[in-house]
Amino acid sequence: MRKMKIGITCYPTVGGSGVIATELGKMLAEKGHEVHFITSSTPFRLNKTYANIYNHQVDINTYSVFQYAPYDIALATKISEVIKNEGLDLLHVHYAIPHAVCAILGRDMAASNIGIVTTLHGTDITVLGADSSLKEAIRYGIEKSDIVTAVSNSLKEQTYELIQPIKEIETVYNFVDEREYFSQDASKLKQQLGINADEKVMIHVSNFRNVKRVQDVVETFALTYEKIKCKLLLIGDGPEMGRIIQQVRELGLDEQVLFLGKRDGLAEFYSMSDIKLLLSEKEAFGLVLLEAMACGVPVIGSNIGGMPEIIEPGINGYLVELGDTQKAAEYATRLLRDDSQLQKLRQGALKTVAERFSSSKILEQYEELYEQLMDKN
Ligand code: GMT
């Protein structure tokens, strides 16, 4: 595999798309490629120094005449500068809007013909694609990219349905860094959180946006708790937090639900958990499912988006119809009561990650796409 100079643009501060882009950049650098992040700030997951990872920060002009700072123009200009100054071989941009469009503009400004890979992550299509002021720009970004990938078959189908591009879209699934997400001894942390060693634990991790339906997670937990004593860890923060705190209070579950806020070192929290709940109404992939599974935690998810492509019922978790908290609680109760089934699903979760979503496998898929681009140019 030849070594390449790869420019990566993503949202550096939030969300799974930024996590995947950054982890991918780190792994490409470890394989000897030169990686140039072109972003508005240093990606938050870039927590280690690499000799061959460079950060190019977009300077946004806040001139008082502008009612809105022109981030997109500034990003395209920076992309063009980096293409020329660093001699990039290709660009890989994450999230269609504005990144694909900025990459195309930046390449034009640089009078270059380098290849552009655009990865669609979910909300760039399922939420923004429904906005008539953005749909044409998303379609343009897809059509003018050289290679377009989506993080699940479901997202690929939804893109064809909502945006109607002619371009071929390839599915490349997400991955986890197994060196960070693995099952570890969390007994001390469990004790520090006031959870008894033999007490069962359920976990939910998200940005507490409306689409995550955290209220269904709490309802599922409440129904399960009626049958079996356990705790619920809620990790993350976001717009729905106030409503969820209120719901927990009204259910009288303050002692059983632990609001832990935003956390690093999630693997330890997963490692003390027995079931992960993700009951979202939109989820192109559900990266947090993989993170939990890599720590040996089975998942209960809703039968929407990319989740059925990850969750194999009875093998690594269960699927329920959207909003069916009764069924989710039934599965959770059964699993928490049956240790041999829980162990079987734990093994199934680990196997799923190792066989289908390992970082080396997904990295190879991206490298092959890059090779195709290099051969074309
Ligand atoms: O889900 C979010 O709130 C964040 C969002 C993002 O844009 O970063 O996540 C999307 O991309 C992730 C990485 O590919 C996927 O795992 C998430 O499923 C997807 N979110 C949605 O589709 C709602």
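Every number in this text was worked out from the coordinates using simple rules, so none of it is lab data. Here the structure is a predicted model, which is why all the values come from computation and not from measurement. We place every Cβ from the backbone using ideal geometry, glycine too, and count neighbours over all the protein chains shown.
The table that follows gives values for the structure above.
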| item | result |
| --- | --- |
| Cross-link partners of Lys26 among lysines (Cα-Cα below 17 Å; sequence separation of 8 or more within a chain) | Lys3, Lys5, Lys48, Lys361 |
| Whole-Å distance, taken between Cα centres, linking segment 52-116 and segment 306-377 | 35 Å |
| Cα-based helix-to-principal-axis angle, 241-250 vs the chain, degrees rounded to 10 | 10 degrees |
| Protection proxy ranking of 272-278, 63-69, 342-348, 127-133 - average other beta-carbon atoms within 10 Å, highest first | 272-278, 342-348, 127-133, 63-69 |
| Cβ-defined net charge surrounding Glu161, 13 Å radius [Lys, Arg +1; Asp, Glu -1] | +2 |
| Residues of type lysines that Lys135 reaches as a straight line, Cα spacing below 22 Å, ignoring anything fewer than 8 places off in the same chain | Lys144, Lys156, Lys167, Lys282 |
| Angstrom value of the Kirkwood radius, inverse mean 1/r, which spans all Cα pairs in segment 38-180 | 16.2 Å |
| Ranking of Phe44, Phe208 by count of other Cβ atoms within 10 Å, fewest first | Phe44, Phe208 |
| Translational diffusion of segment 120-202, µm² s⁻¹ [Kirkwood Rh, Cα pairs; Stokes-Einstein; 20 °C; 1.002 mPa s] | 136 µm²/s |
| Rg and Dmax [Cα atoms of segment 187-356; Å; Rg one decimal, Dmax integer] | 14.4, 43 |
| Length-normalised contact order for the chain - Cα pairs under 8 Å, 6+ apart - percent | 14 percent |
| Peptide ranges 163-173, 289-299, 258-268, 320-330 listed from the most packed, as the mean C-beta count within 10 angstrom indicates | 289-299, 320-330, 163-173, 258-268 |
| Within the chain: Cβ-based charge dipole about Cα centre, in debye rounded to nearest 20 (Lys, Arg +1; Asp, Glu -1) | 460 debye |
| Along each principal axis, Cα extent of the chain, largest first, Å | 66, 46, 38 |
| Potential lengthening between Glu168 and Tyr54 on full extension [0.36 nm per residue; Cα-Cα distance subtracted] | 37.9 nm |
| Value of relative contact order over segment 1-155, rounded to a whole percent, pairs C-alpha under 8 Å and six or more apart | 21 percent |
| Cα extents of segment 292-377 along the three principal axes, largest first (Å) | 57, 27, 15 |
| Between helix 359-376 and the chain: long-axis angle, C-alpha atoms, 0 to 90°, nearest 10 | 20 degrees |
| Under 17 Å from Lys227, Cα to Cα: lysines that are on another chain or at least 8 residues apart | Lys200, Lys327 |
| Debye-sum result for segment 194-264 in log10 I(q)/I(0), which assumes one identical scatterer on each alpha carbon, at q = 0.24 Å⁻¹ | -1.12 |
| Residue exposure sequence - Asp237, Asp198 - by fewest surrounding Cβ within 10 Å | Asp198, Asp237 |
| Cα-based helix-to-principal-axis angle, 71-86 vs the chain, degrees rounded to 10 | 60 degrees |
